[in-house]
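Participant: Dropping a structure here in structure tokens format, bear with me for questions.
The values are calculated or read from the model by the stated rules, or taken from the named source; none is laboratory data. A quick note: this is a predicted structure, and the numbers were derived from the prediction, not measured. No Cβ is skipped: glycine too gets one built from the backbone with ideal geometry, and neighbour counts run over all protein chains shown.
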Amino acid sequence: MTATKIDRPGRRVRQLRSRRDLLELEIRREVKRFRRDGLSERKIAALVEVSQPAIHKMLEVAAKDPDPLEGFKGATPLEICQRYDAGEFSREELVDQLVRFPYAKGGKTDGYDSLVVDPPGTWSEVSEAIERGLIDEDVYEDVFNRRHAL
């Protein structure tokens, strides 16, 4: 089997996983919006036809989900790359979104060891998107060069 034949099935599964993850994220965001609008967990459960404990668990997870930024397709660079991989918009729009994104500063060490955990929204998410196959190195290079006026 050639590399091309192996890549196609893998890409399709990855795209489906991205779509699934994004659908779950959108469901949690919608449930969180219902709660912010004053609906009880029981009322939300009745509306979306799931159990109240399932809604409670969704809300716990959703509390950690950042909301999308105004003018962007996602809350983080990784989410934007997932949406691109899922086929929601073009490469040109992806590059524009990643160039304009207001990246958070990377994490720092505590001075005793070299472990660094970056917060959501850092440039490291663009690197992670390459590792996960959501974007290619040409996109990374294009965004990097535009952000640094190279």
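To keep it simple, each residue is scored yes or no on (1) surrounded by 14 or more Cβ atoms within 10 Å (Cβ to Cβ); (2) in contact (Cβ under 8 Å) with a residue 24 or more places away in the chain.
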position: L22; (1), (2): yes, yes
position: I27; (1), (2): yes, yes
position: L39; (1), (2): yes, no
position: I44; (1), (2): yes, no
position: E70; (1), (2): no, no
position: A75; (1), (2): yes, yes
position: L78; (1), (2): yes, yes
position: F89; (1), (2): yes, no
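Participant: Mind telling me which of the residues L39, L22 ends up being at pLDDT 95 or above, out of contact with any Ser or Thr (no Cβ under 9 Å at 6 or more places or on another chain) and part of a helix (DSSP H, G or I)?
Facilitator: L22
Participant: Taking segment 10-20 as the region of interest, how many residues are surrounded by 14 or more Cβ atoms within 10 Å (Cβ to Cβ) and without any contact (Cβ under 8 Å) to a residue 12 or more places away in the chain?
Facilitator: 1
Participant: Within segment 46-57, which residues are small (G, A, S) and loosely packed, with under 14 Cβ neighbours inside 10 Å?
Facilitator: Matches in segment 46-57: A46, S51.
Participant: Here's another thing I want to ask about it. Is it the case, given these coordinates, that L69 is under 19 Å from R146 (Cβ atoms), among the aliphatic types (A, V, I, L, M) and in a loop (DSSP other than H, G, I, E, B)? Spell out the reasoning first.
Facilitator: Working: under 19 Å from R146 (Cβ atoms): yes; among the aliphatic types (A, V, I, L, M): yes; in a loop (DSSP other than H, G, I, E, B): yes.
Yes: the conditions hold for L69.
Participant: Of the residues A54, A75, A45, which single one is modelled with pLDDT of 95 or more, in a loop (DSSP other than H, G, I, E, B) and not charged (D, E, K, R)?
Facilitator: Numbers: A54 fails: in a loop (DSSP other than H, G, I, E, B); A45 fails: in a loop (DSSP other than H, G, I, E, B).
On inspection, the qualifying residue turns out to be A75.
Participant: Which residues, taken from segment 58-68, are surrounded by fewer than 13 Cβ atoms within 10 Å (Cβ to Cβ) and either of a type in the set (A, V, I, L, M) or more than 11 Å from the chain's Cα centre (by Cα) (or both)?
Facilitator: Listed by number, the residues that qualify are E60, A63, K64.
Participant: Could I ask something else about it? Looking only at segment 109-126, decide whether some residue is in contact with an Asp or Glu (Cβ under 7 Å, 6 or more places away or on another chain) and without any contact (Cβ under 8 Å) to a residue 60 or more places away in the chain.
Facilitator: yes
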